[in-house]
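The values are calculated or read from the model by the stated rules, or taken from the named source; none is laboratory data. Predicted model only: the values in this text are computed from it and were never measured. No Cβ is skipped: glycine too gets one built from the backbone with ideal geometry, and neighbour counts run over all protein chains shown. Accessible surface is based on the protein model in full, side chains and every heavy atom, while ligands, DNA and RNA are left aside. Shrake-Rupley method; radii C 1.70, N 1.55, O 1.52, S 1.80 Å.
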Amino acid sequence: MSYAEVAVNSPLAGRRTFSYSIPARLSVAAGQAVWVPFGRQVLQGIVLELSHQPQVEETRDIEGIIHPQPLLSPAQVELARWLSDHYLCPLFDAVALMLPPGFERRILTFFRAGPNFGEAGPSSLSPEQRAVLRLVEAHNRVPQSQVEKRLGKERAGRVVAQLVRSGLIERVYELEPAKVGPKFVDRWRLAVGQEQAQEAAGRLARRSRRQAVLLQLLQLGPLSPAEARLDARDLAVLRSLEQKGLACREQIEVRRDPLAGRRFAPSVAPQLTPAQEAAWVPIREALHQGKPSVFLLHGVTGSGKTELYLRALAEAVTLGKQGIVLVPEIALTPQTIARFASRFPDRVAVLHSQLSLGEQYDEWRRIQEGAFDVVIGSRSALFAPQPRLGLIVIDEEHEWTYKQETSPRYHAREVALKLAELIGAVVILGSATPEVESFYRARRGDYSLLSLPGRVGPAPDVSLPRVEIVDLKEELKAGHRGIFSRSLIEALGQALAAGEQAILFLNRRGAASIVQCRDCGFVLRCRRCHIPLTYHSAERGLICHQCNYQSRVPQSCPQCDSPRIKFLGVGTQRVEEEVARLFPSARLLRWDRDVTKGKNAHERIMERFLRREADVLIGTQMVAKGLDMPLVTLVGVVSADVGLYLPHFRAGERTFQLLCQVAGRAGRGPGRGRVIIQTYTPEHYAVQAAAGHDYAAFYERELAFRREHHLPPFARLARLVYTHPNASQCQKEALRLYRRLEQERASQGIADLDLIGPSPAFLERIRGRFRWHIILRGAEPARLVEGVPLPQGWSLDIDPVNLL
């Protein structure tokens with residue numbers, strides 16, 4: 001075919017492809033990365049289709065091929081098109097999800113002498129123009145960034161445009177250096193035979209003992225400087241041996257393995273319980289049929305869902321297929337890897353954002369080569385190029401972290417369903433607290449519903465932990481005003497005395513959530529985000545949890561100069577301090593974002609707790625995920641009300657899920673579990689259902705609420721957010737688009753679609769930009785937005801999970 005439809009890496013490209021001619025010298029295939037001319041630049045592009053006819057009359061030639069082999073499979077090409085159409089995102093943004101790490105490279109602009117350079121007299125040029133010409137003359141080629149630094153961005157643009165029009169300078173474009181590539185290291189080996197080397201070592205022993213020693217080491221095998229811990233003196237000696245013709249240096253590629261040095265003890269599959277067996281039979285049948293199938297595996301915490309994932313993968317491997325397992329948090333990855341690597345030694349890959357770019361690059365290449373049975377990672381691992389993908393597992397499918405917050409704003413669950421449809425794969429969605437929409441689909445027959453109603457474990461009578469709700473209003477009436485209720489203090493003391501472990505959960509970081517003047521009521525807020533600053537006792541300062549702005553605690557009120565500054569609210573740091581005060585001998589460990597900023601930080605904390613180096617683990621939602629901590633017998637929820645009354649229709653659902661998940665950490669080992677939930681609203685249906693481990697009751701109550709207010713799953717949503725540094729301009733533009741959408745709705749005759757807003761977002765200002773939003777609610781809200789151009793500053797989120 002003579003033409004190629006290319007997705008171009010440019011913000012101007014939008015959701016369409018561009019037609020290019022294929023020169024006779026090039027062999028081009030769909031899915032291949034190419035260089036294409038786009039305006040005055042040469043940009044990266046991905047060929048999505050070959051055709052006999054272009055979209056336009058005149059086409060330009062493809063400039064060259066970036067990679068000899070296609071980077072996208074036919075199914076991934078189709079998936080990228082679907083992503084762009086479904087989420088209304090730029091086509092290359094969708095394509096980029098599937099490209100190798102570090103693939104995207106910017107075009108750098110340089111200026112050099114033009115055909116008329118030197119012809120203009122100094123009197124006809126401005127001082128700025130003469131400054132640019134002097135730079136070009138001195139350096140031959142000047143980066144645009146250097147000119148902008150000298151003159152300022154706006155002025156540089158005007159000056160350069162005038163010089164280019166007059167032919168005094170011209171623009172040239174080059175790609176920035178590659179961000180990542182294969183890693184090569186030096187390796188030294190013998191350049192002669194063993195006998196000749198032995199003779200040379202004997203001669204050298206009399207004159208240069210070090211040369212003789214290194215030559216003898218080379219006789220044992222090749223030497224890598226890093227592995228042999230050779231210093232600069234050793235390398236100089238090796239170069240001397242090279243000059244003598246006794247040694248030679250070669251470069252070898254080394255794999256940057258994120259699991260290097262870790263050993264996993266092999267494990268044997270246990271016998272399934274009757275409930276597991278009943279769930280396993282349809283999964284096994286679906287894998288053998290090779291048709292797209294979706295299972296919602298609803299199992300209580302500790303019911304053995306992971307064992308079914310492992311069985312499914314083993315079955316897929318016997319059928320010559322591979323799998324992808326998604327986890328919602330990087331914190332869950334190490335434990336998941338350990339479970340899978342013990343069954344599939346040396347056949348597990350890992351992909352997530354905390355790996356170095358080099359590690360991601362090497363894992364991606366080996367995955368594409370088919371080296372792994374399973375890829376484990378966060379949502380982006382879904383796009384790993386597994387060549388024989390037959391199984392996709394989404395663990396904790398209810399987690400909102402599966403939704404991406406930047407373009408393309410996809411949901412990993414929905415993309416997994418589409419990918420499975422394209423390739424004929426089986427999808428398993430697992431959760432103790434499925435998202436309401438997922439359970440609704442299963443009840444409707446879109447998914448096959450599988451149930452695991454009971455726990456499995458080492459104890460003869462493994463059951464869910466007993467839950468006690470403490471009404472904090474009653475605690476206040478009784479004169480008890482501490483962070484912890486009397487029940488929680490007593491239970492914590494008993495657990496510590498028995499040598500057991502406990503978890504204290506509070507979904508708020510820091511030591512105090514509000515710092516306020518007791519005289520005038522002034523609250524210290526972030527200057528850029530309009531939200532209260534949080535006091536962090538470890539840093540002895542105030543931190544904004546949106547933009548990370550930091551400041552000191554003032555000695556007096558900035559508004560009235562009163563010294564009476566009060567710290568209100570509680571965070572994980574404050575909880576840690578209070579436990580240390582009440583139980584001085586207890587060993588404490590905190591797990592929140594403040595202490596997990598380094599590589600492998602999650603894994604180190606988890607390992608310390610499993611090794612019993614701490615008695616009490618204090619944390620945010622990270623401790624509520626699907627972690628297996630068998631020695632934990634007590635879980636205390638410091639406040640169930642955090643997030644319960646946020647202006648979001650999912651607030652009750654998220655509270656229920658968090659409470660159930662964190663409660664599920666207790667009693668997974670030989671000891672019976674106990675959970676204490678502290679709240680000011682014990683009557684709330686989300687709290688009551690969580691305390692009874694009663695998903696069905698919660699689901700029916702929540703579904704009635706959603707039906708009454710025409711919310712998902714009974715309607716779909718789309719959210720438009722506009723940001724601008726000026727408050728009035730932000731409001732003005734939001735009103736303008738709202739009126740435009742109303743006109744479009746009337747012209748299309750769409751009766752079943754509501755426009756909600758415009759209004760300021762709950763987080764009205766973030767990082768110095770004001771935020772207004774419009775919510776669209778109806779059967780197909782994307783239909784209305786599709787025909788309306790969105791100026792810069794707007795973002796669109798189809799099926800949003802965050803409305804704040």
Of all residues in region 696-714 being open to solvent by 10 Å² or more (accessible area, probe 1.4 Å) and either acidic (Asp, Glu) or touching a Gly at 6+ places or on another chain (Cβ under 6 Å) (or both), which is farthest from VAL788 (Cα to Cα)? GLU700
Restricting region 135-181 to residues that are of a type in the set (D, E, K, R) and touching a residue at least 40 places away in the same chain (Cβ under 8 Å), the residue that is surrounded by the most Cβ atoms within 10 Å (Cβ to Cβ): GLU170
Looking only at region 529-544, decide whether some residue is open to solvent by 50 Å² or more (accessible area, probe 1.4 Å), of a type in the set (S, T, N, Q) and either assigned to a loop (DSSP other than H, G, I, E, B) or at pLDDT below 90 (or both). no
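Please go through region 653-685 and give me each residue that is aliphatic (A, V, I, L, M), touching a residue at least 40 places away in the same chain (Cβ under 8 Å) and in a helix (DSSP H, G or I), ordered by number. Spell out how you get there, then give the answer.
Here is the first cut: in region 653-685, the ones aliphatic (A, V, I, L, M) are 658-659, 662-663, 666, 675-677.
Right, trim to touching a residue at least 40 places away in the same chain (Cβ under 8 Å) and you get 658, 662-663, 666, 675-677.
Answer for region 653-685, where residues must be aliphatic (A, V, I, L, M), touching a residue at least 40 places away in the same chain (Cβ under 8 Å) and in a helix (DSSP H, G or I): LEU658, VAL662, ALA663.
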Of all residues in region 81-103, count the ones that are open to solvent by less than 10 Å² (accessible area, probe 1.4 Å) and of a type in the set (A, V, I, L, M). 5
Restricting region 553-568 to residues that are in a strand (DSSP E or B) and open to solvent by 60 Å² or more (accessible area, probe 1.4 Å), which is farthest from GLY521 (Cα to Cα)? PHE567
Any residue in region 210-224 that is in contact (Cβ under 8 Å) with a residue 12 or more places away in the chain and over 14 Å from ALA200 (Cβ atoms) sitting within a Cβ distance under 9 Å of a residue that is surrounded by 15 or more Cβ atoms within 10 Å (Cβ to Cβ) and of a type in the set (S, T, N, Q)? List the pairs, counting only those 6 or more apart or interchain. none
Just the residues that are open to solvent by 40 Å² or more (accessible area, probe 1.4 Å) and touching a Pro at 6+ places or on another chain (Cβ under 7 Å), please, taken from region 19-44. ALA30
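Say whether the condition of being in contact with an Asp or Glu (Cβ under 8 Å, 6 or more places away or on another chain) and either exposed (fewer than 13 other Cβ atoms within 10 Å of the Cβ) or not basic (Lys, Arg) (or both) is met by at least one residue in region 513-521.
Here is the first cut: in region 513-521, the residues in contact with an Asp or Glu (Cβ under 8 Å, 6 or more places away or on another chain) are none.
For region 513-521, residues in contact with an Asp or Glu (Cβ under 8 Å, 6 or more places away or on another chain) and either exposed (fewer than 13 other Cβ atoms within 10 Å of the Cβ) or not basic (Lys, Arg) (or both): absent.
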Filter region 645-679 for residues that are open to solvent by 10 Å² or more (accessible area, probe 1.4 Å), in contact with a Ser or Thr (Cβ under 8 Å, 6 or more places away or on another chain) and not charged (D, E, K, R); which is nearest to ARG481 (Cα to Cα)? CYS660
Which residues, counting only those in region 352-366, are open to solvent by less than 20 Å² (accessible area, probe 1.4 Å) and under 17 Å from VAL327 (Cβ atoms)? LEU355, GLU363
If I ask for residues that are within 19 Å of SER639 (Cβ to Cβ) and either in a loop (DSSP other than H, G, I, E, B) or at pLDDT 95 or above (or both), which ones from region 506-528 would you list? LEU506, ASN507, ARG508, ARG509, GLY510, ALA511, SER513
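Just to verify a result, which residue in region 209-224, among those that are of a type outside the set (A, V, I, L, M, F, W, C) and open to solvent by less than 30 Å² (accessible area, probe 1.4 Å), is farthest from GLN354 (Cα to Cα)? Spell out how you get there, then give the answer.
Let us first name the residues in region 209-224 that are of a type outside the set (A, V, I, L, M, F, W, C), namely 209-211, 216, 219, 221-222, 224.
The next check asks that each one be open to solvent by less than 30 Å² (accessible area, probe 1.4 Å); those that pass are 211, 221, 224.
Values: GLN211: 43, GLY221: 35, SER224: 28 Å.
Of everything passing the filter in region 209-224, GLN211 is farthest from GLN354 (Cα to Cα).
Going by what's in this entry, would SER728 be described as closer than 27 Å to GLY787 by Cα, modelled with pLDDT under 95 and open to solvent by 20 Å² or more (accessible area, probe 1.4 Å)? Don't jump to the end; show me each part of the working.
Values: closer than 27 Å to GLY787 by Cα: yes; modelled with pLDDT under 95: no; open to solvent by 20 Å² or more (accessible area, probe 1.4 Å): yes.
Judged against the criteria, SER728 is not a match.
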Identify the residue in region 592-615 that is within 20 Å of the chain's Cα centre (by Cα) and assigned to a loop (DSSP other than H, G, I, E, B) and, among all such residues, is nearest to PRO334 (Cα to Cα). ASN600
Which numbered condition ALA286 misses (of (1) farther than 30 Å from TRP591 by Cβ; (2) surrounded by 15 or more Cβ atoms within 10 Å (Cβ to Cβ); (3) of a type outside the set (Val, Ile, Thr); (4) at pLDDT below 90): (4)
Looking at this structure, is VAL801 closer than 21 Å to TYR410 by Cβ, open to solvent by less than 20 Å² (accessible area, probe 1.4 Å) and out of contact with any helix residue (DSSP H, G or I) (no Cβ under 7 Å at 6 or more places or on another chain)? no
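Tally up the residues in region 107-123 that are out of contact with any helix residue (DSSP H, G or I) (no Cβ under 9 Å at 6 or more places or on another chain) and either under 21 Å from GLN41 (Cβ atoms) or open to solvent by less than 80 Å² (accessible area, probe 1.4 Å) (or both), please. So that I can check it myself, show each step before the final result.
Here is the first cut: in region 107-123, the ones out of contact with any helix residue (DSSP H, G or I) (no Cβ under 9 Å at 6 or more places or on another chain) are 107, 115-116, 119, 121, 123.
Next cut, either under 21 Å from GLN41 (Cβ atoms) or open to solvent by less than 80 Å² (accessible area, probe 1.4 Å) (or both) only: 107, 115-116, 121.
Matching residues across region 107-123 total 4.
Every residue in region 289-301 that is on the phi < 0 side of the Ramachandran plot and either surrounded by fewer than 22 Cβ atoms within 10 Å (Cβ to Cβ) or touching a Phe, Trp or Tyr at 6+ places or on another chain (Cβ under 8 Å) (or both), please.
So in region 289-301, the residues on the phi < 0 side of the Ramachandran plot come out as 289, 291-301.
Passing the criteria: GLN289, LYS291, PRO292, SER293, VAL294, PHE295, LEU296, HIS298, VAL300.
Yes or no, residue by residue, for (1) of a type in the set (Ser, Thr, Tyr); (2) more than 26 Å from the chain's Cα centre (by Cα); (3) surrounded by fewer than 13 Cβ atoms within 10 Å (Cβ to Cβ); (4) in a loop (DSSP other than H, G, I, E, B):
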residue: SER240; (1), (2), (3), (4): yes, yes, no, no
residue: GLY261; (1), (2), (3), (4): no, no, yes, yes
residue: SER303; (1), (2), (3), (4): yes, yes, no, yes
residue: LEU313; (1), (2), (3), (4): no, no, no, no
residue: ALA316; (1), (2), (3), (4): no, yes, no, no
So, of the residues in region 569-580 that are within 9 Å of ALA511 (Cα to Cα) and of a type in the set (A, V, I, L, M), which turns out to be least open to solvent (accessible area, probe 1.4 Å)? VAL575
Under 9 Å between Cβ atoms, which residue pairs at least 6 apart in sequence (or on different chains) link something in region 634-652 that is part of a helix (DSSP H, G or I) with a partner that is of a type outside the set (Phe, Trp, Tyr)? ALA651/GLY643; ALA651/LEU644; ALA651/ALA686; GLY652/LEU644; GLY652/HIS684; GLY652/ALA686; GLY652/ARG701; GLY652/GLU702
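What about GLU195, is it closer than 30 Å to THR109 by Cβ and either open to solvent by 40 Å² or more (accessible area, probe 1.4 Å) or of a type outside the set (Ser, Thr, Tyr) (or both)? Can you show your working first?
Working: closer than 30 Å to THR109 by Cβ: no; either open to solvent by 40 Å² or more (accessible area, probe 1.4 Å) or of a type outside the set (Ser, Thr, Tyr) (or both): yes.
Taking the combined requirement at face value, the residue does not satisfy it.
Kindly indicate which of ALA761, ALA690, ALA734 is open to solvent by less than 50 Å² (accessible area, probe 1.4 Å) and in contact with a helix residue (DSSP H, G or I) (Cβ under 7 Å, 6 or more places away or on another chain). Walk me through how you get there before you give the answer.
On the way: ALA761 fails: in contact with a helix residue (DSSP H, G or I) (Cβ under 7 Å, 6 or more places away or on another chain); ALA734 fails: in contact with a helix residue (DSSP H, G or I) (Cβ under 7 Å, 6 or more places away or on another chain).
After applying the criteria, what remains is ALA690.
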Go through LEU720, LEU711 for me and flag whichever is of a type outside the set (Ser, Thr, Tyr), in a loop (DSSP other than H, G, I, E, B) and under 32 Å from the mean Cα position of the chain (by Cα). LEU711
Pair list, Cβ under 6 Å, 6 or more apart: region 422-438 residue touching a residue at least 40 places away in the same chain (Cβ under 8 Å), other residue part of a loop (DSSP other than H, G, I, E, B) and of a type in the set (Ser, Thr, Tyr): ALA432/THR301
